[in-house]
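Notes follow the structure.
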Amino acid sequence: MRYNRNMITVYLTKCDKSRSHDFLFTVLEKEYGVRADESGLIKSPHGKLSLLDSGVHFNISHSGEYIAVAVGKKHDLGIDIEKIKDADKSKLAKKYFGAEPQTPEQFYTLWTKAESFIKYRAGSIAAELKKITIDGDDIYYEGELQPVQSKTIRYEDYVISVTSKDTDLRIIDCGTFEY
């Protein structure tokens, strides 16, 4: 696949979530030539991480046995990964999305799109979830169409959504992370 400057790459690994920063630092160094460690991370008031002057945008999510790191070179982004579970989420979906998904996958698609948008904005889930409306890949915030797209991919028994102004997405499964 030819590199596209507007492409977002999602790196997946199986490891404990406590190793997510180690995995991030490894990806940034090996794939982007950016050396980083804990001392260089900056955290927004709601926990979104960044690195000053790194030339890359990234976000981390984890669920089940996977950690997902999304990296892009051009625009901010947000990612969410959720393991599909069979629990009844219809009340939650009705409360936050005004919709009644027919399947667990439909619920997790809505949820990951909303959470990836909130992470894109470096916002608070508690404060912003009810302000979001999702229509396909389009996101409305307080009734206003946002200049971003939310792309969703099903990977094994997980749903992964990435929100950004960039629209091309690829996934690289890095296997089990061993540092």
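Bear in mind that the values in this text are calculations on the coordinates, not laboratory data. As the structure is a prediction and not an experimental result, all values here were calculated from the model. Cβ: placed from backbone, ideal geometry, glycine included. Neighbour counts: every protein chain shown.
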Residue separation times 0.36 nm, minus the C-alpha to C-alpha distance between Tyr155 and Lys30: what's the value?
42.6 nm
Between Ile125 and Asp22, what length comes free when the chain is fully extended (0.36 nm per residue of separation minus the Cα-Cα distance, one decimal in nm)?
34.6 nm
Can you give the helix-only mean residue ellipticity at 222 nm for the chain, where every DSSP H stretch with n ≥ 4 adds -39500 (n - 2.57) and the sum goes over all residues, rounded to the nearest 500 deg cm²/dmol?
-7000 deg cm²/dmol
Can you tell me the FRET efficiency between Tyr141 and Glu178 if r is taken as the Cβ-Cβ distance and R0 is 30 Å, rounded to the nearest 0.05?
0.15
Global form of the chain, assessed from the alpha-carbon gyration tensor, a/c cut-off 1.5:
prolate
Whole Å is fine, so just give me how far the alpha carbon centre of the range 43-71 lies from that of the range 112-161.
16 Å
Would you mind checking Lys91/Lys165; Lys17/Lys89; Lys91/Lys131; Lys17/Lys83; Lys48/Lys95; Lys30/Lys73 for any pair whose Cα atoms are more than 21 angstrom apart?
Lys91/Lys165; Lys17/Lys89; Lys48/Lys95
Compute the angle between helix 20-32 and the longest alpha-carbon principal axis of the chain, please, reported from 0 to 90 degrees and rounded to the nearest 10.
60 degrees
What shape does the range 63-117 take by its C-alpha gyration tensor, where a ≥ b ≥ c are the square roots of the eigenvalues and a/c under 1.5 counts as rounded, a/b above b/c as prolate, and the rest as oblate?
oblate
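Within the chain, what's the longest run with no GluC sites (Glu not before Pro) in a DSSP loop and at most 15 other beta-carbon atoms within 10 Å? Give the range, please.
Within the chain, the longest run free of exposed GluC sites (Glu not before Pro) spans 66-141.
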Label-point separation in nm, Lys85 to Ile42, each point 7 Å along Cα→Cβ:
3.5 nm
